[in-house]
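First up is the structure itself, then whatever we jot down about it.
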Amino acid sequence: MNYVDGYGNFTVQNELDNLEDANGRAVWALGEVIGLANLLPERIVKLAIELLERTSRHAMVYYSTRSMAFTIKGFSFMKGKNYKAIIEVLPDRLVAMFEHENTTDWQWYESYLTYGNIVISEAMLIAYETTADRQI
């Protein structure tokens, strides 16, 4: 299973298999639950907040483009919380990836196109909206 255990650590499978994408998607899903707080039972939202808070310790270990993008999207729902640093550091990594791959013929974060590319653009817009950083 891909979840955060009772000790706030990723499961052994996630550590061994480097399932960054799955972890990033889980962070995004938790954020979406928090974003729907006015529609969902309070106990579900509280659990999502608790899990996202515990997961925050691991957010800075992501280096795959989509996992960082999913993580940015997930933490953007934590309004009033001290997660702005995550939404500042991860986009900086994405900008560095873009600058590394950028040529006159190719302007993207990776040297190839693959699934879920739109999430990278969405995350960068969210990061800009959250931080107002013109470099993003």
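The values are calculated or read from the model by the stated rules, or taken from the named source; none is laboratory data. No experiment lies behind these values; they were computed from the predicted model shown. For neighbour counting, all protein chains shown are included, and Cβ atoms are generated from backbone atoms with ideal geometry for every residue, glycine included. Only protein heavy atoms, including side chains, enter the accessible area calculation; ligands, DNA and RNA are left aside. Shrake-Rupley method; radii C 1.70, N 1.55, O 1.52, S 1.80 Å.
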- Message: Kindly evaluate Ala69 against the criterion of being modelled with pLDDT of 95 or more and not charged (D, E, K, R).
- Response: yes
- Mind listing just one residue for me: the one in segment 78-91 that is open to solvent by 30 Å² or more (accessible area, probe 1.4 Å) and in contact (Cβ under 8 Å) with a residue 40 or more places away in the chain and, of those, farthest from Ala37 (Cα to Cα)? Glu88
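Residues are listed down the side, and each one gets a yes or a no for (1) under 16 Å from Gly74 (Cβ atoms); (2) surrounded by 13 or more Cβ atoms within 10 Å (Cβ to Cβ):
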residue	(1), (2)
Leu94	yes, yes
Val119	yes, yes
Ala123	yes, yes
Ile126	yes, yes
Glu129	yes, no
Ala132	no, no
- Of all residues in segment 35-53 being open to solvent by less than 20 Å² (accessible area, probe 1.4 Å) and of a type outside the set (Gly, Ala, Ser), the one that is nearest to Asp21 (Cα to Cα): Leu52
- With respect to Ser111, determine if the residue is within 14 Å of the chain's Cα centre (by Cα) and polar (S, T, N, Q). no
- Being closer than 16 Å to Val95 by Cβ, open to solvent by 10 Å² or more (accessible area, probe 1.4 Å) and not in a helix (DSSP H, G or I) is the filter here, so list the residues in segment 54-77 that pass it. Tyr63, Ser64
